Amino acid sequence: MEDTEVMNDITREEFNAKLETIEARMDARVESVSSKIDAFLATQSAVQIERDKAQLERDKRFEALAERATKAAEGAEEAAKQAATVKANYWAAVVVQLLAVVAILVGAYYANQANVLSAVSTTVSVFQAGQEQGKPADQPAQTAPK
């Protein structure tokens, strides 16, 4: 025990001063950490505000995109209705043309039939007229043998 000196006793004032020094350093450290946390929270708050703004802008773009898609769908629906109308008009025109062709054919048939009947009637008249002119006037009509 020769190597160690006897320690003197610490007084109450020294002990209190030592504790106050430690407490002051701890208060400074806590204040430093607290200010760093406050700065971090302020930064995060600013970042969150910017994120919210960016999110609002994205939401607006998505709403505009959805609105354009809705308008495009409405336009496509209207175009489909018009296409159906055009298709119906097309088929109606085809039917009218077919009916016109049928009417022309029926008319041509009856006109041709009238012409054929007229030609036959004329031919028969000419034939009968030729028969009457071919007979001599002084010959009596032949009678059938008994």
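The values are calculated or read from the model by the stated rules, or taken from the named source; none is laboratory data. Since the model is a prediction, treat every value here as computed from it, not as a measurement. Counting neighbours? That spans all protein chains shown, and the Cβs are built from the backbone with ideal geometry, glycine included.
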### Task
Being aliphatic (A, V, I, L, M), modelled with pLDDT under 90 and under 42 Å from the mean Cα position of the chain (by Cα) narrows it down to one of ALA46, ALA84, so name that one.
ALA84
### Query
GLU23: at pLDDT 90 or above, part of a helix (DSSP H, G or I), over 60 Å from the mean Cα position of the chain (by Cα) and surrounded by fewer than 10 Cβ atoms within 10 Å (Cβ to Cβ), yes or no?
no
### Query
Is it the case that the stretch 6-13 has a residue that's at pLDDT 90 or above and surrounded by 10 or more Cβ atoms within 10 Å (Cβ to Cβ)?
no
